Amino acid sequence: MSSEEFSRRRETLAAQGMGRIAEPYRDIVPPIHVSTTYERGADGGYPGGRIYSRADNPSFDQVEATIAALEAAAAALVFASGQAAAAAVFQALAPGDAVLAPRGMYWGLRNWMVQFASTWRLTLAFYENASIDDLAGQVRARRPRLIWIETPANPTWDVTDIAATSELARETGAVVCVDSTAATPMLTRPIELGADLVMHSATKYLNGHSDVIAGALATARNDELWQRILVVRSAGGAVLGSFESWLLLRGLRTLHLRVGAASANAQAIAERLQSHRRLSHVLYPGLASHPGHATAARQMQGGFGGMMSVRLRDGEEAAKAFTGRLRVFKRATSLGSVESLAEHRASVEGPGTLCPPDLVRLSIGVEHVDDLIDDLERALE
Ligand SMILES: *Cc1c(COP(=O)(O)O)cnc(C)c1O
C-alpha cells in the first residue's frame, strides 16, 4: 500500500475501494479476474506473478487492501465465509494449545469451536464476556495461546474491553483475535487497541446486502502465525470466488454510510423502546443502562452499531408472537444488511442454547427510522 493510500481517511478509502485505477483501460471499478491459471514464461518463471488462483487470485487484491487499510492492519485475507476465516485461526494452532473464548458468542462458531477443540486436542475454556476480572484470572491460570473476543457479542451485545484484554495477553504471550463483525472497522479498530488479529463475517456489514457469504481476517503483523493462516487458506482451499470478491468490494464502498445510518437508527429505537411496558430488557451498548456502555463508549467511535436484542416480559411465546406480527422487519436470521431483520434467537440456536428464550434479536437496517419504530410498537401491542 502506498503512503498516499494510507494517509486517506477511512470514508475515502472505503468509498473509492482504495481509489486504484486498473490498467490497461484505466477502469475506476476493478475487473473480475476469472482465470484459474496463469501462463509461465519460456524460462519456466511466472512473469505475471501468479500461478494458480486458489493461492493468489488477483480478484482478492483490492478488497483485501481495502479491509487492511480500514482495520489499520499489516495485511488482510478474504475467505469463503466467516466460519472459514475463524476456522483458519484455529487450524493454525498446534494440538495442546489452550484457547479462551467468551461464554456468549456467535452460536455457530461456538459449536464448531467445541467440536474442533476436542478433535484437534485444544483445551478450550470460556470466560464471562463482560468481566475483565474473570478473563484475567483465567488468562493467568491457563496461559492460553489464543484469546477469542467477540464484541459487541451475540446475542446480548456484551462488550469486552479489547485494550485491557490485549494487555493481559502481552503479559502471558497469548494472541488476541477479535470477531469484530458487529462493530465493523468504522466503529472499532481492534488492532489499534492492541489486538493481533481481527475476524469478520464479511457476509454481514462489510458486504451489507445479504447477497454474499464471505469472511475476512486482518493481522497486526505479517508474522509466523499469519504465514500459517495463509497456508491454511491456500492449501485448505476455503477461498472466496472472484465474483463474490468483487461484490464484497462493491459493498465495502458504502460501509461508512450503512453503518452510520444503522447505528443512528438503532440508537433511536433503543431509546424509544427502553421503557416499553412489554419489554423487560433492551440490550444495546449505546444505552447508559447497558452493562458494557462505559467500555463501548471508549472503544467504539461514531456509534454503537446496528445490533440489539429485546426481551419480552411475558416470556418465550410472547417473543415468538411479537416477531410474527412484524411487517417492516423481516423474520430471518443473519444481520448487518440494509434491511432490518428480527429473529427469535433461541429457536434458531436449538438445543443447548444459552440464549434467553424471551429474547428477540434485531438487526437494524437503514430504512426510515419511524417505519421501524411504528412496526415494533405495533407488534408489541
Ligand atoms: C455470521 C457470523 C459468523 C459466521 O460467519 P459466516 O459468514 O456466516 O460463515 C461469525 N461471527 C459472527 C459474529 C457472525 O455474525
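The conditions are (1) in contact with a Pro (Cβ under 7 Å, 6 or more places away or on another chain); (2) exposed (fewer than 13 other Cβ atoms within 10 Å of the Cβ); (3) hydrophobic (A, V, I, L, M, F, W, C), and LEU70 fails exactly one of them. Which is it?
Tallying (1) in contact with a Pro (Cβ under 7 Å, 6 or more places away or on another chain); (2) exposed (fewer than 13 other Cβ atoms within 10 Å of the Cβ); (3) hydrophobic (A, V, I, L, M, F, W, C), LEU70 fails exactly one: (2).
For the subset of segment 345-381 comprising residues that are touching a strand residue (DSSP E or B) at 6+ places or on another chain (Cβ under 6 Å) and open to solvent by less than 20 Å² (accessible area, probe 1.4 Å), which member is modelled with the lowest pLDDT?
ARG345
Would you mind telling me which numbered condition in (1) in contact (Cβ under 8 Å) with a residue 40 or more places away in the chain; (2) assigned to a loop (DSSP other than H, G, I, E, B); (3) more than 9 Å from the ligand (Cβ to nearest atom) MET105 fails?
Single failed check for MET105: (3).
Given the structure, is ALA182 touching a strand residue (DSSP E or B) at 6+ places or on another chain (Cβ under 8 Å) and open to solvent by 10 Å² or more (accessible area, probe 1.4 Å)?
Spelling it out, ALA182 is indeed touching a strand residue (DSSP E or B) at 6+ places or on another chain (Cβ under 8 Å) and open to solvent by 10 Å² or more (accessible area, probe 1.4 Å).
Condition first: open to solvent by less than 40 Å² (accessible area, probe 1.4 Å) and small (Gly, Ala, Ser). Now tell me which residues in segment 302-323 satisfy that.
If the condition is that a residue be open to solvent by less than 40 Å² (accessible area, probe 1.4 Å) and small (Gly, Ala, Ser), then GLY303, GLY305, GLY306, SER309, GLY315, ALA318, ALA319 are the ones that fit.
State all residues of segment 78-91 that are open to solvent by less than 10 Å² (accessible area, probe 1.4 Å) and either of a type in the set (Val, Ile, Thr) or more than 9 Å from the ligand (Cβ to nearest atom) (or both); if no residue qualifies, say none.
VAL78, ALA88, VAL89, PHE90
Of a type in the set (A, V, I, L, M, F, W, C) and either within 16 Å of ILE67 (Cβ to Cβ) or not assigned by TED's automatic domain parsing to the domain that holds ALA174 (or both): which single residue out of ALA235, ALA268 fits that description?
ALA268
Can you pull out the residues in segment 326-337 that are touching a residue at least 40 places away in the same chain (Cβ under 8 Å) and either within 16 Å of the ligand (Cβ to nearest atom) or loosely packed, with under 15 Cβ neighbours inside 10 Å (or both)?
The answer is ARG327, SER334, LEU335, GLY336, SER337.
Scan segment 119-133 and tell me whether some residue there is open to solvent by less than 40 Å² (accessible area, probe 1.4 Å) and assigned to a helix (DSSP H, G or I).
Scanning segment 119-133, I find no residue that is open to solvent by less than 40 Å² (accessible area, probe 1.4 Å) and assigned to a helix (DSSP H, G or I), so the answer is no.
Tell me, please, whether a residue that is small (Gly, Ala, Ser), closer than 28 Å to GLY286 by Cβ and within 12 Å of the ligand (Cβ to nearest atom) can be found in segment 145-156.
Checked segment 145-156: at least one residue is small (Gly, Ala, Ser), closer than 28 Å to GLY286 by Cβ and within 12 Å of the ligand (Cβ to nearest atom).
Can you tell me which residues in segment 54-73 are over 13 Å from GLU244 (Cα atoms) and touching a Phe, Trp or Tyr at 6+ places or on another chain (Cβ under 8 Å)?
The one that is over 13 Å from GLU244 (Cα atoms) and touching a Phe, Trp or Tyr at 6+ places or on another chain (Cβ under 8 Å): ALA69.
A quick yes/no check of all residues on (1) open to solvent by 10 Å² or more (accessible area, probe 1.4 Å); (2) more than 20 Å from PRO190 (Cβ to Cβ); (3) not assigned by TED's automatic domain parsing to the domain that holds CYS177:
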site: VAL239; (1), (2), (3): yes, yes, no
site: GLY260; (1), (2), (3): yes, no, yes
site: LEU273; (1), (2), (3): no, yes, yes
site: HIS276; (1), (2), (3): yes, yes, yes
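Taking THR295 and the conditions (1) among the hydroxyl-bearing types (Ser, Thr, Tyr); (2) part of a loop (DSSP other than H, G, I, E, B); (3) in contact with an Asp or Glu (Cβ under 7 Å, 6 or more places away or on another chain), which numbered condition does it fall short on, given that it satisfies the others?
Unmet condition: (2).
Of the residues ARG20, ARG26, ARG50, which is open to solvent by 30 Å² or more (accessible area, probe 1.4 Å), at positive phi and of a type outside the set (A, V, I, L, M)?
Testing whether each residue is open to solvent by 30 Å² or more (accessible area, probe 1.4 Å), at positive phi and of a type outside the set (A, V, I, L, M) leaves just ARG26.
The values are calculated or read from the model by the stated rules, or taken from the named source; none is laboratory data. Keep in mind it's a predicted model, so treat the numbers as computed, not measured. Note: ideal-geometry Cβ built from the backbone for every residue, glycine included; neighbour counts use all protein chains shown. Heads up: the accessible areas ignore ligands, DNA and RNA and are worked out on the full protein's heavy atoms, side chains in. Shrake-Rupley method; radii C 1.70, N 1.55, O 1.52, S 1.80 Å.
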